[in-house]
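Peer 1: Structure incoming, see below.
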Protein chains: 2
Amino acid sequence: MEQRSAVNIANSLEHMIFDGTFADGDRLDEVRLAEQFGVSRTPLREALQRLESSGLVTLIPRRGAFVRQPGPLELLEMFEVMAELEAVCARLAARRMSNEALEELRHANTRCQMAAEAQDSDLYYAENERFHATIYRESGNSFLEQESLKLQKRLRPFRRQQLRFRGRMAQSLTEHEAIVAALTSGDSNAAANALRDHVTVQGERFQSLMAGLKAAAS
Amino acid sequence: MEQRSAVNIANSLEHMIFDGTFADGDRLDEVRLAEQFGVSRTPLREALQRLESSGLVTLIPRRGAFVRQPGPLELLEMFEVMAELEAVCARLAARRMSNEALEELRHANTRCQMAAEAQDSDLYYAENERFHATIYRESGNSFLEQESLKLQKRLRPFRRQQLRFRGRMAQSLTEHEAIVAALTSGDSNAAANALRDHVTVQGERFQSLMAGLKAAAS
DNA sequence: GTCAATCACTTTGTATACAAGATATTAGTT
DNA sequence: AACTAATATCTTGTATACAAAGTGATTGAC
């Protein structure tokens, strides 16, 4: 864990929060983390300030920094917003997308298909992200693209598990094809609905997963 | 300008960037600002880190902090996203809104009307924001509400000017009534379209304003 | 024995000091 | 006179030191 500079520390901490090194509500001890990173408290505090604006930690004055993992309710809300954001991207992309970009999208989906045939869910996940990112980009609105990428990144750790559901990759592929078809025909409403449903399914899967966990815990 | 604590400094700087105290590309001198605020460089730097994640300044390593005002293109993109976000809020609110909330919305619109009759564009602006914020809240999705409020805040300085166009307040009011009607009937598509158009008009006004400025400058 | 108050210790917030990189200026050479 | 190189100055980045607020433990009183 030899890392220098305040901005890199923020990224490292972000990663550690995402991969579950810290649980929800954990206090981030400044001196402890500072010596772990081999820096003083000053750059570490600057990193914490950044994480607070990203919503990953809560900064309570005179008390410290606490990691703030989204709860089930907030996650559902975020999935709902993600679905709507992607629907907007699709609607805009349906009108603005070039033929070259459509070809690129089909290529991305082909790579998804290969990953699915190899039953490689990690690879599928990576290619799937590129498929979606292509649609964000082709919305022709960089601000929308950036916002979508931000939320995609934020939801990544929670989305990832879902591909391990049996048959999910195959279903996802089918939905991709419907999306490509709608974008090809330039039908913006169909594209928006297809993408919204595609993402919403993941949110619902997540909901049932959470319900299962909750039932198991009681 | 007697202000203490890092988080307050961030808010003050944000305000100063919004109200045009700093122009696009201006370098924010740490020592200069520190003594203006009557603090040391440490809390001021922490404030700058926060502003960077909000996208208001760019932090170039070993060079300093530079204010980053969105250009005409980026502003149009932001208006487009705002329109779509509000459309989503409206679609969800149309299904989820309670009768009490609808009543509250009508009240908010009544206050807008009073402000319009008094030709008080500042008051109209404030009441208009509350009208919109009510719809965000009634989307029943706090995450969406927060994101919408963030973008609303970001676009505030640019939106504000538009109400000074002759007849804009009256037109805005008419559009509000269409929105309230759609929400009352629970027609989510109509509500989404009404709100999208309502916001898009502002973006287009802004575009023509920018075009005018550009033409005048050449 | 339990509750409360005071004191010690821990931790955050801020200032200052120091190191390293970037910019500007000046001097020297062509 | 113009361009380059070297140096001086300024600015950022980081460490350390100090002050203030908070937490916990111990002691005393009821």
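The values are calculated or read from the model by the stated rules, or taken from the named source; none is laboratory data. Remember, predicted model here, so these are calculated numbers, not experimental data. Note: ideal-geometry Cβ built from the backbone for every residue, glycine included; neighbour counts use all protein chains shown. Areas reflect the complete protein model, heavy atoms only, side chains present, ligands, DNA and RNA absent. Shrake-Rupley method; radii C 1.70, N 1.55, O 1.52, S 1.80 Å.
Peer 1: Give me the net charge for the shell around B:GLU80: Cβ to Cβ below 13 angstrom, other residues only, Lys and Arg +1, Asp and Glu -1. Can you show the working numbers first?
Peer 2: Values: positive: A:ARG91, A:ARG95, A:ARG96, B:ARG196; negative: A:GLU145, A:GLU147, B:GLU74, B:GLU77, B:GLU84, B:GLU86, B:ASP197, B:GLU204.
Summing Lys and Arg as +1 and Asp and Glu as -1 gives -4.
Peer 1: Do any residues of the stretch A:125-147 lose at least 50 Å² of accessible area when the full set of protein chains is present rather than just their chain alone, and if so which, with a 1.4 Å probe?
Peer 2: Correct list: A:ASN141, A:PHE143.
Peer 1: Another question, if that's okay. Among the residues of the stretch B:73-101, which ones have their accessible area go down by 30 Å² or more when all the protein chains sit together, as opposed to their chain alone (1.4 Å probe)?
Peer 2: B:GLU77, B:GLU80, B:VAL81, B:GLU84, B:VAL88, B:ARG91
Peer 1: Taking the Cα centre of the stretch A:6-67 as the origin, how large is its charge dipole in debye, to the nearest 20, when only Lys and Arg (+1) and Asp and Glu (-1) carry charge on their Cβ atoms? Spell out each step's value before the answer.
Peer 2: Values: 7 positive and 9 negative charges, 56 e Å.
Dipole about the Cα centre, nearest 20: 260 debye.
Peer 1: Which whole-number percentage describes the relative contact order of the stretch B:72-217, with Cα contacts under 8 Å and a sequence gap of 6 or more?
Peer 2: 42 percent
Peer 1: Still on this structure: Give me the net charge for the shell around A:THR134: Cβ to Cβ below 12 angstrom, other residues only, Lys and Arg +1, Asp and Glu -1. Walk me through the numbers on the way to the answer.
Peer 2: Numbers: positive: A:ARG106, A:ARG111, A:ARG130, A:ARG137; negative: A:GLU86, A:GLU100, A:GLU103, A:GLU104, A:GLU127, A:GLU129, A:GLU138, A:GLU145.
It works out to a net charge of -4.
Peer 1: Further question on the same structure: Given charges of +1 on the Cβ of Lys and Arg and -1 on the Cβ of Asp and Glu, with all other atoms neutral, how large is the dipole of the protein assembly as shown about its Cα centre, in debye to the nearest 20?
Peer 2: Values: 56 positive and 62 negative charges, 154 e Å.
Computed charge dipole of the protein assembly as shown: roughly 740 debye.
Peer 1: Can you give me the relative contact order of the stretch B:6-67 as a percent, contacts being Cα pairs under 8 Å and 6 or more apart?
Peer 2: The normalised contact order for the stretch B:6-67 reaches 42 percent.
Peer 1: Using a 1.4 Å probe on the protein chains only, how many percent of the accessible area of the protein assembly as shown belongs to carbon and sulfur?
Peer 2: 50 percent
Peer 1: In nm, one decimal, shortest first: how far is the label point of B:GLU100 (7 Å from Cα along Cα to beta carbon) from the matching points in the other copies?
Peer 2: 5.7
Peer 1: Which net charge results when you count Lys and Arg as +1 and Asp and Glu as -1 among the other residues whose beta-carbon is under 12 Å from that of A:LEU102?
Peer 2: So the surrounding residues net to -2.
Peer 1: Which whole-number percent is the relative contact order of the stretch B:1-105 (Cα, under 8 Å, 6+ apart)?
Peer 2: Details: 83 pairs, mean separation 27.1, N = 105.
RCO, the stretch B:1-105: 26 percent.
Peer 1: Further question: Need one number: nm distance between label points at A:ASP29 and A:GLU177, each 7 Å from Cα along Cα→Cβ, rounded to one decimal.
Peer 2: 5.6 nm
Peer 1: Right, another one. Every other copy gets compared here: list the nm distances from the B:GLN207 label point (7 Å along Cα to Cβ) to its counterparts, shortest first, one decimal.
Peer 2: Label point to label point, same position, other copies: 3.7 nm.
Peer 1: Tell me whether the stretch B:82-182 comes out rounded, prolate or oblate; compute the Cα gyration tensor, take square roots of the eigenvalues as a ≥ b ≥ c, and use a/c under 1.5 as the rounded threshold.
Peer 2: Judged from the Cα gyration tensor, the stretch B:82-182 comes out oblate (a/c at least 1.5, b/c at or above a/b).
Peer 1: Positive end of the charge dipole of the stretch A:52-166 (Lys, Arg +1 and Asp, Glu -1 on Cβ, about the Cα centre): tell me which of A:SER98, A:ILE60, A:THR110 has its Cα farthest that way.
Peer 2: Highest projection toward the positive end goes to A:ILE60.
Peer 1: Let me ask another. Given label points at 7 Å from Cα along Cα→Cβ, what nm distances, shortest first, separate B:ARG27 from the same residue in every other copy?
Peer 2: Those label-point separations list as 4.1 nm.
Peer 1: Which residue, chosen from A:MET78, A:HIS176, A:ASN128, occupies the Cα position most advanced towards the positive end of the dipole of chain A, where the dipole is computed from +1 (Lys, Arg) and -1 (Asp, Glu) charges on Cβ about the Cα centre?
Peer 2: Positive-most Cα among the choices belongs to A:MET78.
Peer 1: In addition: Does chain A come out rounded, prolate or oblate, given a ≥ b ≥ c as the square roots of the eigenvalues of its C-alpha gyration tensor, rounded meaning a/c under 1.5 and, failing that, prolate meaning a/b above b/c?
Peer 2: prolate
Peer 1: May I pose another question? Which order do peptides B:16-26, B:152-162 fall in by mean Cβ count within 10 Å, highest first? The partial results should precede the final answer.
Peer 2: Details: B:16-26: 13.5, B:152-162: 16.2.
Ranked from most to least packed, the peptides come out as B:152-162, B:16-26.
Peer 1: Around B:ARG68, which amide H atoms from residues at least 5 apart in sequence, or from another chain, sit under 5 Å from its own amide H, with H modelled in the peptide plane?
Peer 2: The answer is B:GLY25, B:VAL57, B:THR58.
Peer 1: Heavy-atom accessible area per residue, the protein assembly as shown, 1.4 Å probe: how many Å²?
Peer 2: Per-residue accessible area for the protein assembly as shown comes out at 49 Å².
Peer 1: Under a point-charge model restricted to the Cβ atoms of Lys and Arg (+1) and Asp and Glu (-1), what is the dipole moment magnitude of chain A relative to its Cα centre, in debye to the nearest 20?
Peer 2: 520 debye
Peer 1: Tell me: how much accessible area in total is hidden between B and A, 1.4 Å probe, Å², nearest 100?
Peer 2: 2400 Å²
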